[in-house]
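Single-structure report; data block below.
Any read-out appearing in this document is the output of simple, stated calculations on the displayed coordinates, not a laboratory observation. Here the structure is a predicted model, which means the values were calculated and not measured. Cβ atoms come from the backbone with ideal geometry, glycine included; neighbour counts cover every protein chain shown.
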Ligand SMILES: [Zn+2]
């Protein structure tokens with residue numbers, strides 16, 4: 001299959017750059033890929049690969065909490081981080097649409113969330129924060145009562 005010429009990078013209106021490159025497909029041929037406006041991936045290793053290997057997206061960080069591990073003790077671990085992404089050639093219809101991968105705790109993920117599913121999880125986390133506020137108030141009282149019993 002002859003390779004088509006590489007189109008030059010163009011500039012989107014509003015000065016948001018369009019990032020395009022040619023990707024060699026291991027099954028044969030090549031494709032011209034263009035990042036969606038929200039993509040911050042470097043694509044350093046995406047010059048070749050299987051057609052469905054490509055994702056575009058961006059990562060968001062979460063706060064670090066000192067989680068305990070029996071081998072390493074307490075160490076800061078990001079929680080509630082994640083990534084909005086799209087896998088344009090996936091066999092999964094859900095992955096061909098923009099979807100969210102939530103990482104409640106590092107290396108544990110909830111995959112392929114739709115906007116409505118993500119809203120449901122946010123709602124559950126927010127409701128749990130209300131429970132934690134109530135538990136905190138009880139805990140403060142319990143701790144104060146315990147402090148009063150100290151000699
Ligand atoms: Zn991209």
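Relative to the current alpha-carbon distance between residue 127 and residue 24, full extension at 0.36 nm per residue lengthens the span by 32.3 nm.
Note on residue 65 and residue 118: with the Förster distance fixed at 22 Å, the Cβ-Cβ geometry gives a FRET efficiency of about 0.60. With distances taken between every two different alpha-carbon atoms, the chain has a Kirkwood hydrodynamic radius of 19.4 Å.
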